[in-house]
Amino acid sequence: MKLQTATRLGLYAVLELARDPERTLSSADLAERYGVSSHHLAKVLRTLSAAGLVRGGRGASGGYRFTGNRRRTTLMDIVALFEPAPGSRGKEPGEETEIGGALQRVLTEVDEIAEATLRSISLATLLKKH
Amino acid sequence: MAISALDARLTGAAKPDYWHEMLAPGRHFLVAESANGALAGFVAGEIRAWEFGQPPAGWVFAIQIDPEVRLKGVGSQLFEALVARFKAEGVTRVRTLVDRKDHLILSFFRAQGMVAGPSLQLDKDLS
């Protein structure tokens with residue numbers, strides 16, 4: 001499964017901040033820790049902030065902290081902020097044909113399993129060390 | 001009786017014969033009681049070997065917790081108690097089957113550290 005860069009950054013940021021909700025980290029701190037673009041991460045953090053999952057980030061050195069619910073927020077909640085919803089996708093050329101339709105049913109099956117998996121894993125579960 | 005009633009209340013389908021069979025010797029059936037002795041929840045499981053070609057594993061067939069006492073760790077305690085019995089009988093894997101649209105129960109098993117197993121369940125509509 002391939003996630004868009006923004007989705008991966010969103011997951012890194014939320015999970016890192018959720019590890020310790022008392023701690024604040026700037027987008028530069030997070031970018032350095034994961035070896036990713038600070039500029040791109042700053043944009044992703046604004047999306048997460050608008051969704052109420054993180055708060056903070058005034059100025060370039062402003063720190064963010066986690067403000068969501070670790071047990072209630074699932075990986076799918078983060079993914080859904082950055083990836084297009086499965087139902088919102090337009091029809092691909094050729095999808096109306098018999099083979100196109102059969103192929104689409106297989107791809108939908110894969111999507112459903114992926115979504116069920118992402119929705120079943122809370123931040124708390126992912127951060128737990130078994 | 002209480003078990004069948006709790007399940008019927010939560011699933012909307014009464015199946016007393018199924019629950020009677022679950023109490024057969026060799027199966028594990030553990031119940032949790034609240035402070036006043038009322039049924040708070042139950043878990044049912046059994047060790048099965050070589051089904052679908054898989055080596056022996058402990059199967060969790062059912063787990064139900066009264067909604068009034070959820071989020072208090074009753075489910076986790078029942079699960080852990082069943083796993084302890086499986087371990088005592090020498091198996092090293094625990095397994096279950098879950099409706100993939102039932103996010104609540106999927107999340108519960110994930111929180112217990114369970115991940116996708118080696119099998120994929122397949123169905124065919126025969127109507």
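No lab work stands behind these numbers, since they all come straight from the coordinates. Since we're looking at a predicted model, the values are computed, not measured. Note that we place each Cβ from the backbone using ideal geometry, even for glycine, and neighbour counts take in every protein chain shown.
Can you compute the helix-only [θ] at 222 nm over chain A? Use -39500 (n - 2.57) per DSSP H run of at least 4 residues, normalise by all residues, nearest 500 deg cm²/dmol. Could you put the intermediate results ahead of the total?
Details: 6 runs with 71 residues, N = 130.
Roughly -17000 deg cm²/dmol at 222 nm, from the helical runs in chain A.
Could you tell me which of rounded, prolate or oblate describes chain A, using a ≥ b ≥ c as the square roots of the eigenvalues of the alpha-carbon gyration tensor, with rounded for a/c under 1.5 and, failing that, prolate when a/b is larger than b/c and oblate otherwise?
prolate
Starting with the fewest neighbours, write out A:L15, A:L9, B:L23 ranked by other beta-carbon atoms found within 10 Å of each beta-carbon.
B:L23, A:L15, A:L9
For the protein assembly as shown, report the convex hull volume of the alpha-carbon atoms normalised per residue, in Å³, without decimals.
Per residue, the Cα convex hull of the protein assembly as shown comes to 198 Å³.
Name the residue from A:L41, A:I99, A:T67 whose Cα lies farthest towards the positive end of the charge dipole of chain A, charges +1 on Cβ of Lys and Arg and -1 on Cβ of Asp and Glu.
Farthest towards the positive end: A:T67.
At what distance in nm do the modelled label points of A:T108 and A:A50 sit from each other, each positioned 7 Å from its Cα along Cα→Cβ?
Taking the simple label geometry, A:T108 and A:A50 are separated by 3.0 nm.
Quick check for me: using +1 on Lys/Arg Cβ and -1 on Asp/Glu Cβ, what's the dipole size of chain B about its Cα centre, in debye to the nearest 20?
Result for chain B is approximately 340 debye, rounded to the nearest 20.
Please check: in the Gaussian network model of chain B (C-alpha springs, under 10 Å), which one of B:A49, B:A111, B:A35 has the largest mean-square fluctuation.
B:A35
Efficiency by 1/(1 + (r/R0)^6): what FRET value for A:K129 and A:E83, r their Cβ-Cβ distance, R0 = 22 Å, to the nearest 0.05?
Working: r = 27 Å, r/R0 = 1.25.
Approximately 0.20, to the nearest 0.05.
Kindly provide the helix-only [θ] at 222 nm of chain B, computed as the sum of -39,500 (n - 2.57) over DSSP H runs of four or more divided by all residues, to the nearest 500 deg cm²/dmol?
-9500 deg cm²/dmol
When only Cα pairs under 8 Å and 6 or more residues apart are kept, what is the percent relative contact order across region A:1-85?
The normalised contact order for region A:1-85 reaches 38 percent.
Between region B:11-30 and region B:54-102, what's the alpha-carbon centroid distance in Å?
So the two Cα centres are separated by 15 Å.
I'd like the orientation of helix A:38-50 relative to chain A: the angle between its Cα long axis and the longest Cα principal axis, in ° from 0 to 90, rounded to 10.
That helix lies at roughly 80 degrees to the long axis.
Could I have the simple spin-label model distance between A:S38 and B:L126, label points 7 Å from Cα toward Cβ, reported in nm to one decimal?
Output for this residue pair reads 6.4 nm.
In terms of modelled amide H atoms, which long-range or inter-chain residues lie less than 5 Å from the amide H of A:T73?
A:L123
Taking chain B, how much of its Cα-Cα pair set, in percent, is spaced more than 19 angstrom apart? Write down the numbers at each step before the final one.
Details: 4244 of 8001 pairs.
Percentage above 19 Å: 53.
Could you put A:Y34, A:Y12 in order, starting from the residue whose Cβ has the fewest other Cβ atoms within 10 Å?
Arranged by neighbour count, lowest to highest, A:Y34, A:Y12 become A:Y34, A:Y12.
Subtract the Cα-Cα distance of A:E96 and A:R71 from 0.36 nm times their separation in residues, and report this length gain in nm to one decimal.
4.8 nm
Considering only B:G53, B:L104, B:S127, whose Cα is most displaced toward the positive end of the charge dipole of the protein assembly as shown, charges sitting on Cβ of Lys, Arg (+1) and Asp, Glu (-1)?
B:L104
Cβ under 12 Å from A:A114's Cβ, A:A114 left aside: what net charge do those residues give with Lys, Arg +1 and Asp, Glu -1? Working shown, then result.
On the way: positive: A:K2, A:R119, B:R100; negative: A:E83, A:E109, A:D111, A:E112, A:E115.
Net of charged neighbours comes to -2.
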